[in-house]
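Everything below concerns the one structure shown next.
All of the numbers you see were taken from the coordinates with simple rules; none came from a lab. What you see is a predicted model; the values in this text were computed from it and never measured. Ideal geometry is used to build each Cβ from the backbone, glycine not excepted, and the neighbour counts take in all protein chains shown.
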């Protein structure tokens, strides 16, 4: 058995992403089951100054690879840096976020380490000292359990917003060890990042999402959903049909060919529920469907269904939310 469970924390634009804390929490549960410690690898520009924060989520030690050239994720630089650290700390398992970058990193890292990879997992357990991971297959229609052969290193990417996150222990800090790493000359580089600075909640980080589909009838009707989302502190998503029609940008697309999301609450407005869309949001904790077609497939997945014309229902619903918030404030 390895010396620790090792997580890979995702550090972007001067801060750790929320999914890093979820991965740390899951790593701690696994480490406790194995009776070993929890360490982390953090890569980025300025990450050493922030690395001790991971201690609030039960990380004992952080190996920080800090260099201005590592500000943005680039596989050619990140993979060798992380692989070198992992080889030195002899982990029993490696856990990382199944984010856009994390999925790319996980696959490359597993190949470099000659490890066994389970992507996009929704549960990790230890039974009789054996690590197992649960992951969706066939576009989320069913789940499979993964096990590793004796002596194989498990590399597990965890789906964001699925793992229970610990309440932070504010006074706890992790030990930080800065790791010397010579950033290699790469064939590609990130020249700039075109970030959405509109202040909107990012889909994969959102706890509440309001999504619109073909039933919205056109881009001119989406302000209705944006108003509701603002009241709820939610992100606005869209189905593939809405994106293909040019009503919303691809960054808003939820589904198998868009973003996989796992909010606490997903409100599907005018979305029929095609298989590829369900694959992207089916693991949401609560799903509310609003559609005038009582036979729409989305209702088979929904926890709560409203069979009503969305143009009649949503404005009334929004007004009731506004009244409720004014009463509570």
Task: Pair residue 32, residue 275: separation of 7 Å Cα→Cβ label points (nm) - done: 4.0 nm
Open item on the list: On a full-extension model of 0.36 nm per residue, what is the gain between residue 220 and residue 244, subtracting their alpha-carbon distance, rounded to one decimal in nm?
Closed with: 7.1 nm
- [ ] Multiply the residue gap between residue 13 and residue 193 by 0.36 nm, knock off their C-alpha separation, and tell me the result in nm, one decimal place.
- [x] 63.8 nm
Task: Crossing angle, helix 75-89 versus the chain [Cα axis fit, 0-90 degrees, rounded to tens] - done: 50 degrees
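Let me know the shape class of region 27-119, please: from the alpha-carbon gyration tensor, a ≥ b ≥ c as square roots of the eigenvalues, rounded when a/c is under 1.5, otherwise prolate if a/b is greater than b/c, or oblate.
Oblate, since a/c reaches 1.5 and b/c is not below a/b.
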Task: Where labels lie 7 Å past Cα in the beta-carbon direction, separation of residue 186 and residue 45 in nm - done: 1.2 nm
TODO: Quickly rank 51-63, 285-297 as a protection proxy: mean count of other C-beta atoms within 10 Å, highest first.
DONE: 51-63, 285-297
- [ ] Considering only DSSP beta bridges where both residues belong to the chain, give the percentage that are antiparallel (nearest 5).
- [x] 20 percent
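Would you kindly state how much longer the chain becomes between residue 177 and residue 308 on full extension, computed as 0.36 nm times their sequence separation minus their alpha carbon distance, in nm to one decimal? Each step should come with its number before you reach the end.
Working: separation 131, 0.36 × 131 = 47.16 nm, distance 5.78 nm.
In short, 41.4 nm is gained.
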TODO: On a 0 to 90° scale, report how tilted helix 222-232 is relative to the longest principal axis of the chain, with both axes built from alpha carbons and the result rounded to the nearest 10.
DONE: 60 degrees
Task: Calculated on alpha-carbon atoms, Rg and Dmax of region 4-178 in Å - done: 14.8, 44
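I need to check one value: relative contact order of region 203-328, counting alpha carbon pairs closer than 8 Å and at least 6 residues apart, in percent.
Here the relative contact order equals 23 percent.
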Open item on the list: Apply the a/c threshold of 1.5 to the C-alpha gyration tensor of region 203-328 and tell me whether it is rounded, prolate or oblate.
Closed with: rounded
TODO: Mind running the shape call on region 155-250? Use the C-alpha gyration tensor, a ≥ b ≥ c as the square roots of the eigenvalues: rounded below 1.5 for a/c, prolate if a/b tops b/c, oblate otherwise.
DONE: oblate
Open item on the list: Using only the alpha-carbon atoms, how far is helix 100-113 inclined from the longest principal axis of the chain? Give it as 0 to 90 degrees, nearest 10.
Closed with: 30 degrees
Task: Listed peptides 142-154, 243-255 by packing density, highest first (mean Cβ within 10 Å) - done: 243-255, 142-154
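Taking R0 as 56 Å, what FRET efficiency do you get between residue 285 and residue 149 from their Cβ-Cβ distance, rounded to the nearest 0.05?
FRET efficiency, residue 285 to residue 149: 0.95.
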- [ ] Mind giving me the FRET efficiency for residue 114 and residue 75? R0 is 22 Å, r the Cβ-Cβ distance, nearest 0.05 is fine.
- [x] 0.80
